[in-house]
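Asker: For reference, the structure I am asking about is given below.
Nothing in this text is a laboratory measurement; each read-out follows from the coordinates by a stated rule. On a predicted model such as this, the values are computed, not experimentally measured, just so you know. Heads up, the Cβs are rebuilt from the backbone with ideal geometry, glycines too, and the neighbour counts pull from every protein chain shown.
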Amino acid sequence: MTQIVTVPTTPFEGQAPGTSGLRKKVKVFQQPGYAENFIQSVFDVVQPEPGAVLVIGGDGRFHNRTVIQQAIRMAAANGYGRVIVGQGGILSTPAASHVIRKYGASGGLVLSASHNPGGPDEDFGIKYNIANGGPAPESVTGAVHGRTGTIDRWLTVEADDIDLDRIGEVPVGAAKVQIIDPVADYADLMEALFDFAAIRKAVSSGFTMRFDAMSAVTGPYAKAILEGRLGFPAGTVVNGEPLEDFGGHHPDPNLIHAKALYDLMMSAEAPDLGAASDGDGDRNLIIGRHRFITPSDSLAMLAANIEIAPAYRGRLSGIARSMPTSAAADRVAEGLGVPVFETPTGWKFFGNLLDAGRVTICGEESAGTGSDHVREKDGLWAVLLWLNILAVRGISVDELAREHWARYGRNYYARHDYEGIASEGAKALMDGITARLPMLPGSRFGALTVGQADSFSYTDPVDGSVSANQGLRVLFEDGSRIVFRLSGTGTQGATLRVYLERYEPPLGDIDADTGTMLQPQIEAAEAIAAIAQHTGRSAPDVIT
Ligand code: VG1
Ligand code: CO
C-alpha cells in the first residue's frame, strides 16, 4: 500500500479559470503549492472514481515537465488508476481531447497558455477537460475556483520523477503511468476523416504548401501527417521543433506573428497554401496564394464544403459560432437549410451542442475551427479539411473565396486589440458603454443608426444554463455591428477586443479593402466607447 502524503496549504488569490483555463505568468506558477492547489481543487471537485483514467499533456512550454511530474504523483494520490501522458509531456490540445475520448478517460489536464509566449518570464496555464474531451463547462470551472478559495491540503505520493521521454508503462504509487506516442492516435483519426488519397494525388501533381508550426506543439504532428502520410516534401513544415520558449516569439498564427508566412504567400514564390498553428495546436491560419482568409470566412467556407470530406458526407447537422465571429457562417447555414447557434466566446460552450449532435462544425473568429471529431478546436484538422476540399475540387483558395462571396456575399470583418491596458481604464470603458446601452437605439453615428444594443447573454439550448455578460453588442440598422469584450486569457492588465463587421451582398463591393470598408464602424466604435481616452492608445496594438 503506497503511503499518501497530505501537504498542508493555504489558498492563493485569483485562481479563477478564464476563457480557457487558469493562465498566469510562469513566476506565479512557480510559487510553492500554486499549481498543486489548483490541481487538487480540480480533483476535489471532480472526485474521480477509484481507478479512473486521467490524461496529461501540454504544449511543451517552459515549466511543462515540472508540473506534469507533480500532477502524476497527485493523480496517483487522488485515486486515479491510470495516467496517460504524451511522450515528452507533449499533447496538442486537440490530440489531448482525442486521447481522452479514445481511451475512455474521466478527464484530462491540458497544460498550455496557447498563443501566449513561453519561457521563464512568460506564460503558463492549466486547463481541465471533462470525459467528452472538451473544456470543463462553467459549472465545473466555477466550482474549482470556489474550491481554490478554501483549500487547506493537497495530496501526493512519495515517488521520484519518471522518464517522460520513454514510451511504456511505469508505476507511480498505486497508479500505472503510461507514456504514449503523442502523434499516432491523432494522425490515425485525421486519416479516418479525410480523403488522404485525393490529397496525395494533388501533391504528386504539384500542389505545394508551407506549414509554419511556430516552434510550438504542432511540429511533430504536421511533419508526421503532411510530410509523412501525405507526401509533401521535407521542409514543407517550417519551425517544426517544439521549443520551450517558442524561439522567443508569440506562437499566435495571425498576420502579425506569422508575418514571414504572410509575406511568402503574397510574393511571387507563394505555394498554393500557407498555414500555421498556435502554441497548443488548436488554432489555424489559412492563406492562399495572394489571398488571406479570415477565420470567420474560413468557418463559412469549410461549412459550405465539409460534405466533400468522407467522414462528413451527408451529415452536416448544424453550425455553431461564437457571438463575435462574423455572420458569414449564418448565410451558409441558411443556404443549406441547417440551424446555426451563436455561443459566448470559448470552446467550452460548443461541447453540449456537439454532444447532442446538433452541430457538426463550429468556429471562432480567433482562428479556431473544429468539428464533432473532438471537443476542442483543431488547427491541423482545419488545414486538412482545406486540403481535402482544394484537392477534390481542383481550385485555388482565391477561386474558392471569390466563388463563395459571389454566392453568399461577404462579411468584412476585423478585430482590434488593445493589449495590456490598465484594468481600471478597461473597466471604466465597459461600464461607460453598459450605461449607454439603453440610450443607443436610434442614435446616429455618421451614416450608421443603432438598431439594437445589449449585453450578450446565452442560454444553452441543451442544458438551459445561462451565461450572462458575454460581450457588449451594438447592432446597426444596415446589418453591420460592433462588439466590445475584455479578454479572458491575458495574464497582465486587461485586453480590450473590438470586433467590427459589415455585410456586402453578392452584387455589392465584394473585393475591397477591409479597413476602408469598416471605417464607419471604426469611427462609431470610438464615438461610443471613447477608446483613446480610456486606454491611452490612439490605435490598436493588433489588428486581425
Ligand atoms: C481568446 C479568443 C477565444 C478563444 C480563447 C482560447 O479568448 O478570443 O476565441 O477561445 O482565446 O483560445 P479571449 O478571452 O482572450 O478573447 V486558445 O487557442 O488561447 O486556447
Ligand atoms: Co490555442
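Asker: Can you give me the long-range amide H partners of G471? Hydrogens built in the peptide plane at 1.01 Å from N, cutoff under 5 Å, separation of 5 or more residues or another chain.
Answerer: For G471, whose amide H was placed from the backbone, the distant partners under 5 Å are F456.
Asker: Run the numbers on the stretch 212-328 and let me know its relative contact order in percent, using alpha-carbon pairs under 8 Å that are six or more apart.
Answerer: Value for the stretch 212-328: 22 percent.
Asker: While we're here: For the stretch 108-162 and the stretch 168-194, what is the centre-to-centre distance using only Cα atoms, to the nearest Å?
Answerer: One Cα centre to the other: 20 Å.
Asker: Quick check: Cα centre of the stretch 336-362 to Cα centre of the stretch 1-47, how many Å?
Answerer: 31
Asker: Could I ask something else about it? What is the set of long-range amide H partners of R153 at a cut-off below 5 Å, with H atoms built 1.01 Å from backbone N?
Answerer: T9
Asker: Here is a follow-up. With a ≥ b ≥ c taken as the square roots of the eigenvalues of the C-alpha gyration tensor of the chain, please select rounded if a/c is under 1.5 and otherwise prolate if a/b is larger than b/c or oblate if it is not?
Answerer: oblate
Asker: Which residue, chosen from G173, L193, G368, occupies the Cα position most advanced towards the positive end of the dipole of the chain, where the dipole is computed from +1 (Lys, Arg) and -1 (Asp, Glu) charges on Cβ about the Cα centre?
Answerer: Of the options given, the answer is L193.
Asker: Additional query: Just report the Cα centroid separation between the stretch 68-94 and the stretch 448-488, whole Å.
Answerer: 38
Asker: Give the relative contact order (percent, whole number) for the chain; include only Cα pairs under 8 Å separated by 6+ residues. Write down the numbers at each step before the final one.
Answerer: Details: 1268 pairs, mean separation 72.6, N = 544.
Normalised by residue count, the contact order of the chain is 13 percent.
Asker: To continue, here is another question. List the lysines whose Cα sits under 24 Å from the Cα of K427, skipping any in the same chain fewer than 8 residues away.
Answerer: K24, K25
Asker: Next question. Which ³J(HN,Hα) values, rounded to whole Hz and listed in residue order, are derived for the stretch 113-120 from phi using the Karplus coefficients 6.51, -1.76 and 1.60 in 6.51 cos²θ - 1.76 cosθ + 1.60 with θ = phi - 60°, glycine and proline given as x?
Answerer: 10, 6, 7, 6, x, x, x, x
Asker: Kindly provide the helix-only [θ] at 222 nm of the chain, computed as the sum of -39,500 (n - 2.57) over DSSP H runs of four or more divided by all residues, to the nearest 500 deg cm²/dmol?
Answerer: -9000 deg cm²/dmol, from helical runs alone.
Asker: Mind putting a number on the dipole of the chain about its Cα centre? Charges go on the C-beta only, +1 for Lys and Arg and -1 for Asp and Glu, and I need it in Debye to the nearest 20.
Answerer: Here the chain has a charge dipole of around 520 debye.
Asker: What does the charge count near N132 come to, summing +1 for each Lys or Arg and -1 for each Asp or Glu among other residues with Cβ under 9 Å from its Cβ? Spell out each step's value before the answer.
Answerer: Working: positive: R101, R375; negative: D355.
Net charge around N132: +1.
Asker: Using Cα pairs closer than 8 Å and at least 6 residues apart in sequence, work out the relative contact order for the stretch 134-237, in percent.
Answerer: 17
Asker: Follow-up question, since we're still on this one. Amide H to amide H under 5 Å from V542: which residues, 5+ apart in sequence or cross-chain, H placed 1.01 Å off N in plane?
Answerer: Counting only residues 5 or more places away or on other chains, the set is D417, E419.
Asker: What is the local net charge at P253, summed over the other residues whose Cβ is closer than 10 Å to its Cβ (Lys, Arg +1; Asp, Glu -1)?
Answerer: Result for the neighbourhood of P253: -2.
Asker: Let me ask something additional. Going down the list K102/K127; K223/K259; K27/K223; K27/K102, which pairs span over 30 Å between their C-alpha atoms?
Answerer: K27/K223; K27/K102
Asker: Work out the length of the dipole vector of the stretch 405-465 about its Cα centre, built from +1 on the beta-carbon of each Lys and Arg and -1 on the beta-carbon of each Asp and Glu, and round it to the nearest 20 debye.
Answerer: 460
Asker: Out of all DSSP beta bridges with both ends in the chain, state the antiparallel percent to the nearest 5.
Answerer: Of those bridges, close to 70 percent are antiparallel.
Asker: Under unit Cβ charges (Lys, Arg +1; Asp, Glu -1), what dipole magnitude, rounded to 20 debye, does the stretch 156-196 have relative to its Cα centre?
Answerer: Dipole size: approximately 140 debye.
Asker: Go through the stretch 176-254 and name the GluC sites (Glu not before Pro) that are in a DSSP coil and have 12 or fewer other Cβ atoms within 10 Å of their Cβ.
Answerer: Qualifying residues, ordered by number: none.
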